[in-house]
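Report on the following structure.
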Amino acid sequence: MTAQPVQNKARKATRPTKSKHLASVETATPEALASIEAAELADLIRWDPEFVVKHKLLPYTSARVLKEKCYKRLVFHHNDGGRITFSPMSIRAEHQRTLVAPLAA
């Protein structure tokens, strides 16, 4: 094995580049920023089965039936700390899974 020479050469100073995302956030209007924040927070929302049935987000008429389907892993859901919850993403995934295409195309 040979010894590696010591690097005494100074590195060229580089400026940090601004990404397009940061530039667009810096120039965005407050209304646009509020809509971006609302969209990000909407993905963090979690609903319990009672709320989903009450607001008819899924085609089930009883929270108990919905929970049983989740226990059998037949419905997209989240198991947050042992509690069944639904996010907008899981509701969309369930709608996509149960989507029926029209016959006349």
Consider segment 47-105. How many of its residues are in contact with a strand residue (DSSP E or B) (Cβ under 9 Å, 6 or more places away or on another chain) and among the basic types (Lys, Arg)?
1
Take Arg73 and tell me if it is free of Cβ contacts under 8 Å to residues at least 40 places away in the same chain and in contact with a helix residue (DSSP H, G or I) (Cβ under 9 Å, 6 or more places away or on another chain).
no
Given the conditions (1) farther than 23 Å from Ala39 by Cα; (2) in contact with a Leu (Cβ under 8 Å, 6 or more places away or on another chain), and given that Phe86 satisfies all but one, which numbered condition is not satisfied?
(1)
Among helices (runs of 4 or more DSSP H) entirely inside the chain, those with 1 or more residues being modelled with pLDDT of 90 or more and more than 22 Å from the chain's Cα centre (by Cα) are 49-54, 63-71
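The values are calculated or read from the model by the stated rules, or taken from the named source; none is laboratory data. Just so you know, these numbers come straight off a predicted model, no measurement behind them. Cβ: placed from backbone, ideal geometry, glycine included. Neighbour counts: every protein chain shown.
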